[in-house]
Amino acid sequence: MPLIYFDNAATSRIKPEPVYTALNFYLREIGTSPGRGSYKLSVQASRMLYQSRKTVADFFGISDSSCVYFSKSSTESINLFFYGFLSEGDHVILSCYEHNAVLRPIHNLSVNRGIKYSVLKDEDLYSQDLSRLDKYISPNTKVVAITLASNLTGQLVYRKELGVYFKSKGISVFVDASQGAGKHLINMSKDSVDYLAFTGHKDLMGIPGSGGLCCLSELKVPPLIQGGTGVFGDLYMNPEVYPEAYEAGTLNMPAIWALKAGIGYIRENEEEIRAKEKQLTKLLVEGLTALPNTIVYNAAKPRVPTICFNVRRKKSNEVVQILDRNDICVRGGIHCAILAHQALNTVQSGAVRASLDYNNTPEEINKFLSCIKEIG
Amino acid sequence: MYVIFYKTNNVFLAEEILNKNRITCEIVPTPVLDKAYCGVCLNISKADKSGIFNSLKNIEFKVVEE
């Protein structure tokens, strides 16, 4: 059996054919950058950027495509948002399942800019009694950050009720959709989300080097970096024109065009993808929880096709190594999710994460389960 | 006649709208003015001037006639 890739939460490895085609087309037939020329080929690049923005805006349920700000990654977009949006004295609430991409900018701001933050505990996050959220709210709470799905356990974390509740208290809602964006689970307009960060190379099926920030309305904050924007070149600083102000430097347009193709593929094949991933996830979760030598974390929660577990009396790195010898790729350790490991009490042991997508097969899962069984 | 925009995104949005409304337009370099705008703009026949204002109601733009 060839290599089994169960690390799709890190990067989806096998892309849909239209993504390869789009990338190849852009590199070979366009090969220029948007906003950097007024000859036909550069105009075409700018037109393709516009079309890509529209695709992203439509996918996440926002009407104004100029409120999609591209970057190289969700991490960069998250930094753009928090560094620009927060000022000294502001308070932030974040869930205990946030990736370090959210935790670290906020923590850094707490150290260097006088921001304060509170971490929402699991039991309050999932409680139907929303008044339990009140104890986290201060008069200066400006924004709540809730990941769409945990990059560690795969469980869905954001739900509309949370967004509606926080917004009713005058608090903006930020969602890190790095995990789960491609599952088409969220519509910003309908699901009470003000700001959303995404990455292209995971379940949106694009390639590394594309990501962005989506806003329900125009965001006017200081940009993360200064530089060439292709517009208002007479100014000594980035102009207050958006999205250009947030996109200084040359955009990774081949990756953005590939991302557009990835989203197009997802939309065209949404039902089949969802059904296949549901079937595979069920097989994996049920198989893992049935093994006597495993501890599976938050297995009962609704999820994307990612699961987190440990093998009793084994360190996570040992399990990863054994699986690797069997040509199975999974990830162990802390997964850039220290808050989630603290919530699960797995900081010392780490954990093993297996993350699927629709390209995986039941046969691969059966082989994986056999290997885990043999470890114990 | 040139229709000049602040945001490049709006050039293509306007192009899309005008194409739908069957108003012929061409994306061309923005003429050098007293102030820099985005690098490309729309070149449109003067005869379509009123059609532009009707079509692009929700977009910020400036008309330059030469």
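The values are calculated or read from the model by the stated rules, or taken from the named source; none is laboratory data. Everything quoted here is computed from the prediction, not taken from an experiment. Note that each Cβ is placed from the backbone with ideal geometry, even for glycine, and that neighbours are counted across all protein chains shown.
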Given (1) touching an Asp or Glu at 6+ places or on another chain (Cβ under 6 Å); (2) within 14 Å of chain A (Cβ to nearest Cβ), where does B:CYS38 come up short, assuming only one miss?
(1)
What about A:SER77, is it closer than 29 Å to B:VAL11 by Cβ and either within 14 Å of chain B (Cβ to nearest Cβ) or β-branched (Val, Ile, Thr) (or both)?
no
Check whether at least one residue in the range A:280-290 is under 20 Å from A:SER178 (Cα atoms) and surrounded by fewer than 22 Cβ atoms within 10 Å (Cβ to Cβ), and report yes or no.
yes
Conditions (1) in contact with a Phe, Trp or Tyr (Cβ under 9 Å, 6 or more places away or on another chain); (2) free of Cβ contacts under 8 Å to residues at least 12 places away in the same chain -> A:LYS135 fails only (1)
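Each row is one residue, and each column tells you yes or no for (1) among the polar types (S, T, N, Q); (2) free of Cβ contacts under 8 Å to residues at least 60 places away in the same chain.
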| residue | (1), (2) |
| --- | --- |
| B:PHE5 | no, yes |
| B:ASN9 | yes, yes |
| B:LEU18 | no, yes |
| B:PRO29 | no, yes |
| B:ASN54 | yes, yes |
| B:LYS57 | no, yes |
| B:VAL64 | no, no |
If you check A:SER12 against the conditions, is it of a type outside the set (Lys, Arg) and farther than 25 Å from A:THR141 by Cα?
yes
Can you give me the number of residues within the range A:22-73 that are under 30 Å from A:HIS99 (Cα atoms), out of contact with any Leu (no Cβ under 7 Å at 6 or more places or on another chain) and part of a loop (DSSP other than H, G, I, E, B)?
5
Please determine whether any residue of the range A:227-247 is in contact (Cβ under 8 Å) with a residue 40 or more places away in the chain, under 25 Å from A:TYR20 (Cα atoms) and not in a strand (DSSP E or B).
yes
Counting just the residues of the range A:347-376 that are touching a strand residue (DSSP E or B) at 6+ places or on another chain (Cβ under 8 Å) and at pLDDT below 95, which one comes out nearest to A:PRO16 (Cα to Cα)?
A:GLY350
From B:VAL11, B:VAL63, B:VAL28, grab the single residue that is facing chain A (nearest Cβ under 8 Å), farther than 16 Å from A:SER66 by Cβ and at pLDDT 90 or above.
B:VAL28
